[in-house]
Amino acid sequence: MRRSDPGSSRHPGRTRHFDLVSHWRLHAPVERVWAALCDPAGWPRWWPGVRQVRTLREGGPDGVGSVRCIDWSTRLPYRIVIEVEAVESVRHQRLRGRSRGALDGEGVWLLRSDGGCTDVTYVWRIRLGKRWMRWSAPLLAPLFRWNHDGVMRAGEAGLRRFLAGSVPPR
């Protein structure tokens, strides 16, 4: 998993952005990885950080227009609740969504088939929504990245188990 440094700000306390990038290589066909990622309601079954997903608005047949409220637990002693609206879907290649709430921004899942494997890249550009996060970002940026990396690594491991058929029911 790689990530870039947080966005800079000349004025303390102003909104800072983070570009967070994760790379997964999964030994499964792109169709199966796509199906798992396109089903956020099923994420709590395999992604340890996802506590709950509620559908606020149904989208079209490709999911575009749907809005879901996702409640995340993290490695730090706080939870993150965000609403994610699906804004783009290119079958087996790209999913893009906009988040609102504690973390505002835009994320894109990029999938590439490589034989029987699937390379997944997730890029998320966020603006810190909570005032305490904005004010503490210059000092706590490494901790925020460590937290995100841990949630994403747990998601990758959970998806590997799920795709292998070895995820116990929660």
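Since every read-out is calculated from the coordinates, none of them should be taken as a lab result. Note that the structure is predicted; figures quoted are calculated from it, not measured. Here Cβ is always computed from backbone atoms with ideal geometry, including for glycine, and neighbour counts include all displayed protein chains.
For segment 29-80, just say rounded, prolate or oblate: build the C-alpha gyration tensor, square-root its eigenvalues into a ≥ b ≥ c, call rounded for a/c under 1.5, and beyond that prolate if a/b exceeds b/c, oblate if not.
Oblate.
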Counting pairs of alpha carbon atoms under 8 Å apart in space and at least six apart in sequence, what relative contact order in percent does segment 101-152 give?
33
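Which value in deg cm²/dmol, rounded to the nearest 500, describes the helix-derived mean residue ellipticity at 222 nm for the chain, given -39,500 (n - 2.57) per DSSP H run of n ≥ 4 and division by the residue count?
Details: 3 runs with 46 residues, N = 170.
Per the formula, -9000 deg cm²/dmol.
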Residue by residue through segment 20-35, which ³J(HN,Hα) values in whole Hz follow from phi under the Karplus form 6.51 cos²θ - 1.76 cosθ + 1.60 (θ = phi - 60°), with glycine and proline marked x?
10, 10, 10, 10, 10, 10, 10, 7, 7, x, 4, 4, 6, 5, 4, 4
Along segment 138-147, Karplus-curve 3J(HN,Hα) (6.51, -1.76, 1.60; θ = phi - 60°) to the nearest Hz, with x for Gly and Pro, reads x, 8, 9, 3, x, 5, 4, 5, 4, 4
Below 10 angstrom from the Cβ of VAL120, what's the summed charge of the other residues (Lys, Arg +1; Asp, Glu -1)?
0
re the chain: pairs of Cα atoms spaced beyond 22 Å account for a percent value of 43
What percent do you get for the relative contact order of the chain when only Cα pairs under 8 Å and 6+ apart count?
27
Selected from VAL120, PRO48, GLY63, residue furthest toward positive end of dipole (segment 17-164; charges at beta carbon):
PRO48
